[in-house]
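Just below is one structure, and these are the notes that go with it.
What follows is calculated from the coordinates using simple rules that are stated; it is not laboratory data. It should be emphasised that the depicted structure is a prediction, and the values quoted were computed from it without experimental measurement. Ideal geometry is used to build each Cβ from the backbone, glycine not excepted, and the neighbour counts take in all protein chains shown.
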Amino acid sequence: MKDVRIRFDRKSPLQAALQTRVDAYFAENGLNPKGGSPLIGKAIVIGLWLTAAYAFAMSGIGGWAGLLLGAMMVGMAQAGVGFNIMHDGNHGAFSTDKRTNLWMGRVLDLVGGSSYIWRQKHNVMHHTYPNVVGSDDDIDVGGLARLAPAQPYHPGYRLQHFYMWILYGFISVKWNFYDDFAQLIRGHLGGHRFPRPKRGELVYFFVAKALFFGWVIIAPIALFGLAKGVAFYFVEAFTLGVTLAVVFQLAHCVEEADFTDVPDGQVTELDFAEHQLNTTVDFARGNPFVTWYLGGLNYQAIHHLFPKISHVHYPAISPIVEEVCAEFNVPYRINGGFWESVGSHYRWLKRMGQAPAVAAQPVTA
């Protein structure tokens with residue numbers, strides 16, 4: 001386990017200016033930074049989408065074709081639940097009420113993940129150490145690929161820009177059956193330990209897992225038999241895995257983002273706000289459907305700077321952040337449309353699949 005030691009300056013002039021300007025925006029417009037009624041309405045729509053997709057898949061209409069189409073619809077709807085409801089809930093951005101945030105965050109447990117593990121993995125590790133090799137667990141794919149310059153190279157990675165698109169689809173399967181259980185037992189993520197869940201949280205973990213496996217595997221098998229039931233699960237999981245993985249990669253594992261490597265035992269000091277801006281990239285900001293479906297995660301820089309503000313406000317906050325960044329001469333990294341960003345990730349995978357001497361790139365530290 002790598003010993004990563006980073007000290008962040010969270011009170012830098014840049015951080016202070018960003019906070020002051022954004023706070024002023026909410027005060028001047030009389031707005032609450034949480035999701036409020038717009039997000040509640042959105043959550044209802046996405047919840048109905050998931051329910052209708054599952055009902056269609058389980059109806060038997062259309063035979064095999066209907067079942068698999070329904071499975072894809074379920075996978076897409078599950079991703080929408082994650083992007084819009086679970087994500088804001090677990091960041092405390094859905095509502096001003098803590099219990100509402102808790103239960104909105106816990107919907108993740110009902111669609112295959114663990115909200116407890118997620119809060120450690122995402123809120124603490126990823127948001128504190130984005131693109132820090134050895135500490136950001138999201139850029140560690142278990143030796144299947146090389147996503148950062150400081151990660152070990154293997155000749156087998158030369159084709160990762162082809163095969164990773166397929167492997168992304170199995171992320172959900174691995175998540176459902178292995179990751180949450182293994183991380184719960186080990187009690188650490190990346191180079192950091194986290195407190196194991198207490199009794200109530202642990203009970204919820206296993207009960208929710210049972211409920212998830214019940215609706216996504218046991219019920220389809222009971223209705224349609226083993227072959228169709230297993231096929232439903234794998235198509236649902238593959239659709240969800242590809243969707244989640246690609247959205248994350250477009251914000252962090254692209255040519256426009258920086259990566260940081262901290263040698264073992266060395267203490268590195270970084271400006272927190274500047275580090276977030278250097279390692280996160282916005283994309284497809286002019287596409288209203290992408291913004292709606294992804295829960296504003298295409299405004300990734302805004303999310304990393306203000307994770308406790310609901311995504312419904314990101315488009316309005318973005319120009320303010322750009323203005324402050326220009327004043328401090330700090331790059332605000334923006335990619336083009338969705339497919340342009342996909343191309344950037346493809347080229348990054350290809351570059352990282354080459355030997356380091358060929359793909360040499362300065363690494364921030």
So if I place +1 on the C-beta of Lys and Arg and -1 on the C-beta of Asp and Glu, and nothing else carries charge, what would the dipole magnitude of the chain be about its Cα centre? I want it in debye, nearest 20. 1020
Under 15 Å, Cα to Cα: Lys pairs in the chain, sequence gap 8 or more or different chains: 5
Can you find, among TYR129, VAL22, ALA57, the residue farthest towards the positive end of the dipole of the chain? Put +1 on the C-beta of Lys and Arg, -1 on that of Asp and Glu. ALA57
Across 5 Å bins from the origin, how do the percents of Cα pairs in the range 180-237 run, short distances first? 4, 17, 19, 15, 13, 14, 11, 6, 2
What is the diffusion coefficient of the range 103-234 in µm²/s, taking the Kirkwood radius over Cα pairs and the Stokes-Einstein relation at 4 °C with a viscosity of 1.567 mPa s? 78
What does the chain give for Rg and for Dmax, in Å, if only its C-alpha atoms count? 20.6, 62
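What does the extension gain come out to for ALA182 and HIS127, with contour length at 0.36 nm per residue minus their alpha carbon separation?
Here the answer is 17.6 nm.
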For q = 0.08, 0.13, 0.16, 0.19 Å⁻¹, what log10 I(q)/I(0) does the range 20-179 give under the Debye formula with an equal point scatterer on each alpha carbon and no solvent? -0.34, -0.83, -1.08, -1.23
